[in-house]
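Structure first, then comments.
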Amino acid sequence: VADAGVAPPDRLTAALGAFVDARPGLALENKGASVAVHYRAAPEREGEVRARIGDLVAQFAPAHELQPGKMVVEVRPRGCDKGAALRRMMDERPFAGRTPLMVGDDLTDEFAFAAANALGGSSALVGRVARPSVATHGFESPQAVRRWLVALGAAA
């Protein structure tokens, strides 16, 4: 797994900033170890965003990769994802020896769903999502997740 502390190169972040600044409706989010371009306010730009970010990553950050999400494309260190993070957490106290349950609603959660399943746990996709998922369960809404958690707490 790549070092989670390796931020995208400044040249990439600057190039993404220029790309975003020239296109109304796009937003740049610098997360430190990753950088994301959001296109929720300009969904018609999805193809352009994916193509340009792919070109810029190949040019400036070959040790990084694209992670598509809901109306966003994130650039992160290769091999650093929520599944790798979950696997690491499950090796540490207080999680070691426990069964993971991953609940999420985004494409970025699929890595953690797969890891939770592989570790003998379960996974749940939240919301009415029209895409394939490796999640073993589903909840209609965040409110349904809350109701389930309250019921689990009451039963414990």
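The values are calculated or read from the model by the stated rules, or taken from the named source; none is laboratory data. Here the structure is a predicted model, which means the values were calculated and not measured. Backbone-built Cβ (ideal geometry, glycine too); neighbour counts: all protein chains shown. For accessibility, only protein heavy atoms count, side chains too; no ligands or nucleic acids. Shrake-Rupley method; radii C 1.70, N 1.55, O 1.52, S 1.80 Å.
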Given the conditions (1) on the phi > 0 side of the Ramachandran plot; (2) open to solvent by 60 Å² or more (accessible area, probe 1.4 Å), and given that Gly127 satisfies all but one, which numbered condition is not satisfied? (2)
Single unsatisfied condition, Met71 versus (1) within 22 Å of Ser133 (Cα to Cα); (2) of a type outside the set (D, E, K, R); (3) out of contact with any His (no Cβ under 7 Å at 6 or more places or on another chain); (4) at pLDDT below 95: (3)
It is to be established whether one or more residues within region 102-111 are open to solvent by 80 Å² or more (accessible area, probe 1.4 Å) and either in contact with a Ser or Thr (Cβ under 7 Å, 6 or more places away or on another chain) or at pLDDT below 95 (or both). yes
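Is it true that some residue in region 80-98 is of a type in the set (Asp, Glu), modelled with pLDDT under 95 and under 30 Å from His137 (Cα atoms)?
Within region 80-98, one or more residues are of a type in the set (Asp, Glu), modelled with pLDDT under 95 and under 30 Å from His137 (Cα atoms).
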Among the residues of region 40-61, which ones are closer than 23 Å to Arg78 by Cβ and surrounded by 15 or more Cβ atoms within 10 Å (Cβ to Cβ)? Val49, Arg50, Arg52, Ile53, Leu56, Val57, Phe60, Ala61
List the residue pairs whose Cβ atoms are under 8 Å apart, where the first residue sits in region 106-123 and is within 22 Å of Glu74 (Cα to Cα), the second is acidic (Asp, Glu) and in a strand (DSSP E or B), and the two are 6 or more positions apart or on different chains. Thr108/Glu74
Going residue by residue through region 6-24, is there one that turns out to be open to solvent by 20 Å² or more (accessible area, probe 1.4 Å), within 19 Å of the chain's Cα centre (by Cα) and within 21 Å of Phe111 (Cα to Cα)? yes
Cβ-Cβ below 7 Å, separation at least six or inter-chain, first residue in region 17-34 and within 19 Å of Gly47 (Cα to Cα), second of a type in the set (D, E, K, R): which pairs? Phe19/Arg52; Arg23/Arg45; Gly25/Arg45; Leu26/Arg45
